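**Student:** Below is one structure. I have some questions about it.
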Amino acid sequence: MAALKYGKRLPSAIYVFRQVDTDFGRELNQVLAILETQHGLDAKYNVIKFRTDELKVSFLCYPVFLNEAHPALRHAVTIDLVTGKARHTDYADNHNPPILHRKETFLPEDHPERAKFDALTRAEEAEGLYAHPATIGFKLNWERLLNEKRVIIQGHELQRAQYQDAPHPASGHLLPSAEKALVIDRHKTAMTRYDLSKPVKTLLEYGMLKPEATFFDYGCGQGSDVRGLQALGHAAEGWDPVHRPEVPKREVDIVNMGYVLNVIEDPAERLEALVDAYRHARRLLVVSGLIQETVESDRAAQYRDGIVTRRNTFQKFFEQQELQQYIEDALDSTAVPVALGVFYVFRDPADQQDFLSARSRRTIDWTQISARLGLGGPRTMWKALYDAHKELLDGFGKVALALGRIPALTEFNRLPELDEHLGSAKRALRAFVQGGATEGLDWEEIRVRFGIGQPPKRRWEVLYEEHRELLDGFWSLMLRLGRLPEPEEYPQTGELRETVGSPKSALRMFVQKGGGEEVKKAAERRFDLTPVWRRWVCAWVWLFQFIVSSETPAGNPISSSKIIPDILVLDSGCPTLADIVGL
């Protein structure tokens, strides 16, 4: 790295622009060539990021690096040189992708475009655009700053703006005053918790929150984590724009930003909040967000890069890798995953290495802790919800139990009211059952009965539930015969074909149900009862077919390991052989 004569140098990384003929020196050229071969990378990755605090190299794709003043990142491949693993990130649909500044520093001294890029940078500095650089490396944040300063960029020249609250000419993105924004009820996202949140639990489980450490909850909602940690003897405080706006933000050892990013509908403001939270963390920032695979959002209305719920709140659901990359792009620091949707960002790389090399997780009885802190527990929470909405939940619960499923709007017309107060019909049902409305009902049984929290049923399971008697009769005869019944042997074959499919489909369903061993035994019994002369015929027919078809059209020989199974299974895929053998 010391041999690099140019590049944009940051505290933890060096960025360099490269073209096909760029020479970084023999050693770096070899390293890059090996990585490109191993990971299938091509010339479109025209910016290389060398981490100086970790053994990582990123190949970045900026398609219009030379043509646009502040090009946006299109694709990134980050390679860990220790593990050899690569992380691919696609920014094509990102509403607020990273962008570049000071492009001249990426280029060698003799590059023909360097002077032009340098002139733009000096003009931007003179305008004060780099006074607060923490968030200008993202497209929307940069464009809003240009709008505030009433300037635009044409080509590579900074000019005074002539527009009045209009789309930015350079990008076409609507600026804040021109965009028709919804008024989101953010205050409704603050949950009443009856135990510590998952991110805070990880701090205690990993021993990160020492007795002498100070803790600040950035976006604390109603403050359950703050109260809980204070009761445990920790120096904890929290700020929230709605519920605790009077508490001043301050620098502490550990800052927790728990499930805040996913409720901010403005991508630029979301980034600013993350950077601001990190600014207050002396040692560690804990960031958490809702992960896509844990929620259902198909029916919600799309808005910007997330959805608007029926309660008029916003939710941005991340993929695990997406959230990790988002944090690293914003803070230019490694985000260490510690749980699904929970990441640690250390100020000091040495602290990160100490954590990774020695991390062990304690087992804690959180139910006991919650009771000790007076936070209540699940039953306390559901009881409080039930008492608060007793009349509504009683009506809903009786209809749901009578139907054996969640009622439709035509069956219970107060569903919108239910969603408003409880969040969802499933949550309302749990409040009804566990809140004390019923005696002798177990929530686990109700949950299974209503399919709540259960994986979706496979097609064969649904068909078996609908046609159990028909299929049981067919399977019983099939096992007794040791082969698929003929239509004259099973009079309901026509009905089977209409409802389930072919007899072979019914056989496959039986195997999916777990009857593979029974099928094998039935076939073996059938084969054992076959007269010797028929076995000889079977063998000769098989040998003949093997010789004729020893080479498949693709040129692949038939595996001899399939000989016995093909003879024994009922659905051999060879009708002629099956007819002769009688299987």
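The values are calculated or read from the model by the stated rules, or taken from the named source; none is laboratory data. Note that the coordinates shown come from a computational prediction; the quantities given were computed from them, not determined experimentally. Backbone-built Cβ (ideal geometry, glycine too); neighbour counts: all protein chains shown.
**Student:** Restricting to segment 104-127, count the residues that are touching a helix residue (DSSP H, G or I) at 6+ places or on another chain (Cβ under 7 Å) and either within 22 Å of R279 (Cα to Cα) or without any contact (Cβ under 8 Å) to a residue 60 or more places away in the chain (or both).
**Tutor:** The qualifying residues number 6.
**Student:** Let me ask something additional. So which residues in segment 166-205 are modelled with pLDDT under 85 and assigned to a helix (DSSP H, G or I), if there are any at all?
**Tutor:** R186, H187, K188, T189
**Student:** Can you pull out the helices (runs of 4 or more DSSP H) entirely within segment 500-548 that have at least 2 residues that are within 26 Å of P487 (Cβ to Cβ) and at pLDDT below 75?
**Tutor:** 516-529, 532-548
**Student:** When you look at V252, is it among the β-branched types (V, I, T) and within 20 Å of P211 (Cβ to Cβ), yes or no?
**Tutor:** yes
**Student:** So, E265, is that one part of a loop (DSSP other than H, G, I, E, B), farther than 14 Å from S197 by Cβ, of a type outside the set (A, V, I, L, M, F, W, C) and modelled with pLDDT under 95 or not?
**Tutor:** Answer is yes for this residue.
**Student:** A further question follows. Is it true that some residue in segment 466-476 is surrounded by fewer than 16 Cβ atoms within 10 Å (Cβ to Cβ) and polar (S, T, N, Q)?
**Tutor:** Checked against the condition, which is being surrounded by fewer than 16 Cβ atoms within 10 Å (Cβ to Cβ) and polar (S, T, N, Q), segment 466-476 yields at least one hit.
**Student:** When both residues are 6+ apart or on different chains and their Cβ atoms are under 6 Å apart, which pairs have a first residue that lies in segment 191-220 and is assigned by TED's automatic domain parsing to the domain that holds G341 and within 20 Å of A277 (Cα to Cα), and a second that is acidic (D, E) and modelled with pLDDT of 95 or more?
**Tutor:** A213/D253; T214/D253; F216/E237; G219/D240; C220/D240
**Student:** While we're here: If you take the residues in segment 207-237 that are aliphatic (A, V, I, L, M) and part of a strand (DSSP E or B), which one is surrounded by the most Cβ atoms within 10 Å (Cβ to Cβ)?
**Tutor:** A236
**Student:** Identify all residues within segment 260-285 that are touching a Gly at 6+ places or on another chain (Cβ under 8 Å) and farther than 10 Å from Y218 by Cα; write none if there are none.
**Tutor:** L261, N262, E265, listed by residue number.
**Student:** H101 - would you say it is under 20 Å from Y6 (Cβ atoms) and either in contact (Cβ under 8 Å) with a residue 12 or more places away in the chain or out of contact with any Ser or Thr (no Cβ under 6 Å at 6 or more places or on another chain) (or both)?
**Tutor:** yes
**Student:** Can you tell me which condition L120 does not meet? The list is (1) in a helix (DSSP H, G or I); (2) under 25 Å from Q320 (Cβ atoms); (3) not charged (D, E, K, R), and all the others hold.
**Tutor:** (2)
**Student:** Now a separate question. Name every residue in segment 319-341 that is outside any helix (DSSP H, G or I), in contact with a helix residue (DSSP H, G or I) (Cβ under 9 Å, 6 or more places away or on another chain) and either outside the structural domain of Q353 (by TED's automatic domain parsing) or surrounded by fewer than 19 Cβ atoms within 10 Å (Cβ to Cβ) (or both), in order of residue number.
**Tutor:** E319, V336, P337, A339, L340
**Student:** Which condition from (1) in contact with a helix residue (DSSP H, G or I) (Cβ under 7 Å, 6 or more places away or on another chain); (2) modelled with pLDDT of 95 or more is the one that L100 breaks?
**Tutor:** (1)
**Student:** Between L507, L409, L418, L463, which is of a type in the set (A, V, I, L, M, F, W, C), free of Cβ contacts under 8 Å to residues at least 40 places away in the same chain and surrounded by 14 or more Cβ atoms within 10 Å (Cβ to Cβ)?
**Tutor:** Going through L507, L409, L418, L463 in turn, just one is of a type in the set (A, V, I, L, M, F, W, C), free of Cβ contacts under 8 Å to residues at least 40 places away in the same chain and surrounded by 14 or more Cβ atoms within 10 Å (Cβ to Cβ): L418.
**Student:** Quick one: in segment 41-82, of everything that is over 26 Å from D348 (Cα atoms) and outside any loop (DSSP other than H, G, I, E, B), which residue is farthest from the chain's Cα centre (by Cα)?
**Tutor:** So the residue we want is V47.
**Student:** In this structure, does G423 turn out to be modelled with pLDDT under 85 and under 25 Å from the mean Cα position of the chain (by Cα)?
**Tutor:** yes
**Student:** Does E265 satisfy the criteria of being within 29 Å of Q302 (Cβ to Cβ) and acidic (D, E)?
**Tutor:** Yes.
**Student:** Quick one: in segment 439-486, of everything that is of a type in the set (V, I, T) and touching a helix residue (DSSP H, G or I) at 6+ places or on another chain (Cβ under 7 Å), which residue is nearest to D387 (Cα to Cα)?
**Tutor:** Out of the qualifying residues, it is I446.
**Student:** Same structure, new question: Would you confirm whether any residue within segment 129-140 is part of a helix (DSSP H, G or I), more than 30 Å from D253 (Cα to Cα), modelled with pLDDT of 90 or more and not assigned by TED's automatic domain parsing to the domain that holds F346?
**Tutor:** Yes, the conditions are met somewhere in segment 129-140.
**Student:** Could you tell me whether segment 16-28 includes any residue that is assigned to a strand (DSSP E or B), over 17 Å from H88 (Cα atoms) and not acidic (D, E)?
**Tutor:** Looking for residues that are assigned to a strand (DSSP E or B), over 17 Å from H88 (Cα atoms) and not acidic (D, E), one finds at least one in segment 16-28, hence yes.
**Student:** Can you pull out the residues in segment 29-40 that are crowded, with 17+ Cβ neighbours inside 10 Å and either in a loop (DSSP other than H, G, I, E, B) or touching a Cys at 6+ places or on another chain (Cβ under 9 Å) (or both)?
**Tutor:** Those that are crowded, with 17+ Cβ neighbours inside 10 Å and either in a loop (DSSP other than H, G, I, E, B) or touching a Cys at 6+ places or on another chain (Cβ under 9 Å) (or both): none in segment 29-40.
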